[in-house]
Structures are given as C-alpha cells and as structure tokens.
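Asker: Quick one: the structure is below, questions incoming.
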Amino acid sequence: MPILQVRELPQVLYNKLARQAKKEHRSLAQQAIAELSRALDVTAPGRDRRQAVIEELHRWQADLDTGQLKDPAAMIREDRER
C-alpha cells in the first residue's frame, strides 16, 4: 500500500484531526484516510458489500411487510413432499 507523508501540516488542521480521531476511536492515520475518502467521495471496498447486504435486507423486509413470503409451515410441507 502506498505511503503518504504530509509536511508542514498547519497546527489547526492537526488539532482538528486529532480531536476527530479521538472522538471516532481511530488513530490519526485512520482518521486521515477516512477524511480523505469522504472528501474525495471514495468508498472503502467493504462498504460497497455492506451496502449491498443492507439493501437486500430492506428488500426482504419489504417482502415481509407486503406478505409476499410463503408461510413457513407451507414451505416445510412442500419440502417434505419432495
């Protein structure tokens, strides 16, 4: 993974980054990556997968709410008859 070194970072930026890192329970490096990702609108690889899972769960919830899922007892009966 590439390394980035920032020289002559203004104290104000450093302090703000340090406060945010402490608040988010991250190291300075982790917080800097998070802030750069957010500013450049870049998502972490795992985030896309998590978002897909969340969307799938919402679809399942919608199916539950609209009654489109089969009755579990009917599904078990169907499996036993195979």
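Asker: Over the chain, what lengths in whole Å, largest first, do the semi-axes of the equivalent ellipsoid take, defined as the square roots of 5 times the eigenvalues of the alpha-carbon gyration tensor? Don't skip to the answer; put the middle values down first.
Answerer: Values: eigenvalues 478, 35, 24 Å².
Whole-Å semi-axes of the equivalent ellipsoid: 49, 13, 11.
Asker: Can you give the FRET efficiency for ASP48 and MET75, using 1/(1 + (r/R0)^6), R0 = 35 Å, r = Cβ-Cβ distance, to the nearest 0.05? Kindly include the intermediate steps, with their values, before the conclusion.
Answerer: On the way: r = 32 Å, r/R0 = 0.91.
Rounded to the nearest 0.05, the efficiency is 0.65.
Asker: Still on this structure: Kindly express, to the nearest 10 degrees and within the range 0 to 90, the angle between helix 28-39's C-alpha long axis and the longest C-alpha principal axis of the chain.
Answerer: 70
Asker: Each label point is 7 Å from the Cα along the Cα-to-Cβ direction; what then is the distance between the points at ARG7 and LEU28, in nm?
Answerer: 1.7
Asker: Run the helix sum for the chain: -39,500 (n - 2.57) per DSSP H stretch of 4+ residues, divided by residue count, reported at 222 nm to the nearest 500 deg cm²/dmol. Please report the intermediate quantities before stating the final value.
Answerer: Numbers: 4 runs with 56 residues, N = 82.
The helix-only estimate for the chain comes to -22000 deg cm²/dmol at 222 nm.
Asker: A follow-up question, please. How would you rank GLU81, GLU55, GLU35, going from fewest to most other Cβ atoms within 10 Å of each one's own Cβ? List each step's numbers first, then the result.
Answerer: Details: GLU81 6, GLU55 10, GLU35 16.
So the ranking, lowest neighbour count to highest, is GLU81, GLU55, GLU35.
Asker: Tell me the angle of helix 45-66 to the major Cα principal axis of the chain, expressed in degrees between 0 and 90 and rounded to the nearest ten.
Answerer: Here the helix axis deviates by roughly 30 degrees.
Asker: So, one more: Sort LYS70, LYS16 by Cβ crowding within 10 Å, fewest neighbours at the top.
Answerer: Numbers: LYS70 10, LYS16 13.
Exposure proxy ranking, most exposed first: LYS70, LYS16.
Values quoted throughout were computed directly from the atomic coordinates according to the rules given, and no laboratory measurement underlies them. Keep in mind that what you see is a predicted model, and the values were worked out from it rather than measured. Note: ideal-geometry Cβ built from the backbone for every residue, glycine included; neighbour counts use all protein chains shown.
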